[in-house]
Amino acid sequence: MGPEVHELEQELAQFTGASEVVTCSSGTDALLLVLMAWGVGRGDVVILPSFTFAATAETVAVLGATPFFVDVDARSYNIAPEAAIDAISVVRAAKLEPKAVIAVDLYGRPADYASLQASCRNEGVRLLADAAQSFGATYRGAKVGTLGDATATSFFPAKPLGCYGDGGAVFTDDEETARVVRSLRIHGQGPDKYTNERIGLNARLDTLQAAILLQKLKIFPEELDARERIASRYTDALPPEVTCPQIPRDLSSAWAQYTIRVAQRDLIAKELRSAGIPTAIYYPTPLHRLPAYRHASGERALPNSERASREVLSLPMHPYLDNQDQDRIVQVLTEAVATT
Ligand SMILES: *Cc1c(COP(=O)(O)O)cnc(C)c1O
């Protein structure tokens, strides 16, 4: 908790426009701290998309609450707002308490916050934004960090704003949430260190990582521009057999990933690999089909999540990918698509 930690929190508040920022040890802990601050526990249900990284559901399950998986929109890969609303009714009909909805901004593209925010307010359910992949993105002029009742992000090196190890942050305009998250971050501390008011965690961000993030934040806007430029180059150059991400005009993505969807995905990935081009699959199995979470899903089919997990492929994407390398990726991919 050195001076750089506090300085970083101020800079992040300025960057996003969120009134409260609490840095912490990881994106997973950021999610966990918010759910703890909101009192999520045994008997509660939290609604979230199935097509996401396991950490989103893990934080719910580790608190003894039940993750309720819903399907994603086929094009944005983000939680389908209608599915989230239906889930709230289903959970209430089962006489359980839907404590929160978690929206995930997959690949860096913000979820449909206008619909989600309106519905959640209507239903009296809190909205947590899992912005681990979307820090730096915008939604209708507002920055990620201001879009849910609270937002959790990650500074893991593979995320758009990465440090040199683990790190994360919570953003909110709600003073009470921020106050409790600050306490939970350091063992539930009260006015002084040894007056523990609640059961918390050791979830501090290292001062060293804060110092690195302060420097990286200075060049972050240029890095976001570079990612945007590289994404458009992919979209312009890729052949029609490949479904490219389409970001509506009133949003911007942080382009954590440039993820295409393509038939014969595994064969194409193999072709690219043999040409020395790495790709990745985020994620090969939707959470409701994973051994750790299957029991919570009641074996419901979530067709968009299942289909996406079979067809998505993330291409190399980072702010320093040069045109020559990118052109080669496009060329090899185009040939692979034509021959498979
Ligand atoms: C990376 C990630 C997390 C977890 O962040 P960590 O900093 O690795 O703990 C949570 N949710 C999503 C969607 C992620 O991509």
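Karplus-derived 3J(HN,Hα) values for the stretch 131-148, using 6.51 cos²θ - 1.76 cosθ + 1.60 with θ = phi - 60°, are 9, 4, 9, 10, 4, x, 7, 10, 9, 6, x, 9, 7, 4, x, 10, 9, x Hz; glycine and proline are entered as x. Taking other C-beta atoms within 10 Å as the exposure proxy, Ile268, Ile212 rank Ile212, Ile268 from fewest upward.
Please work out the Cα center distance from the stretch 268-334 to the stretch 197-248, rounded to the nearest Å. What the calculation gives is 18 Å, centre to centre. Please give the helix 3-16 orientation as an angle from the longest Cα principal axis of the chain, in degrees from 0 to 90, rounded to the nearest 10. For helix 3-16, the angle is close to 60 degrees. Sorting His288, His295 by the number of Cβ atoms found within 10 Å of their own Cβ, with the fewest placed first, yields His295, His288.
Pop the C-beta distance of Thr339 and Arg294 into the FRET formula with R0 = 51 Å and round what comes out to the nearest 0.05.
0.85
Taking the three principal axes of the alpha carbon atoms in the stretch 173-310, the coordinate ranges are 61, 46, 34 Å, sorted in descending order.
Each Lys and Arg Cβ is given +1 and each Asp and Glu Cβ -1; about its Cα centre, the chain then shows a dipole of about 620 debye.
Computed on the Cα atoms alone, the convex hull of the chain gives a volume of 130 cubic angstrom per residue.
Can you list which of the trypsin sites (Lys or Arg not before Pro) found in the stretch 228-282 are DSSP loop residues with at most 13 other C-beta atoms within 10 Å? Counting only loop positions with at most 13 other Cβ atoms within 10 Å, the trypsin sites (Lys or Arg not before Pro) in the stretch 228-282 are Arg249. One decimal place: the segment Arg233-Glu82 gains 51.0 nm when fully extended, by the rule 0.36 nm per residue minus the C-alpha distance. The angle separating the long axis of helix 323-339 from the principal Cα axis of greatest extent in the chain is about 70 degrees. Sparsely packed loop sites in the stretch 222-322 (the GluC sites (Glu not before Pro) outside DSSP H, G, I, E and B with at most 13 other Cβ atoms within 10 Å) comprise Glu299. Expressed as an acute angle from 0 to 90° and rounded to the nearest 10, what is the orientation of the C-alpha long axis of helix 207-237 relative to the principal long axis of the chain? Tilt of helix 207-237: around 30 degrees. Kirkwood hydrodynamic radius of the stretch 295-340 from all distinct Cα pairs, in Å? It is 13.7 Å. Karplus-derived 3J(HN,Hα) values for the stretch 102-107, using 6.51 cos²θ - 1.76 cosθ + 1.60 with θ = phi - 60°, are 10, 9, 10, 8, 5, 6 Hz; glycine and proline are entered as x.
If the Kirkwood radius is taken over C-alpha pairs of the stretch 101-210, then at 25 °C and 0.890 mPa s the Stokes-Einstein diffusion coefficient equals 164 µm²/s. Where only DSSP H runs of four or more residues are counted, the chain gives -13000 deg cm²/dmol as its mean residue ellipticity at 222 nm, each run worth -39500 (n - 2.57).
Just so you know, all these numbers are worked out from the coordinates, no wet-lab data involved. Here the structure is a predicted model, which means the values were calculated and not measured. Cβ sites come from the backbone with ideal geometry, for glycine too, and all protein chains shown count toward neighbours.
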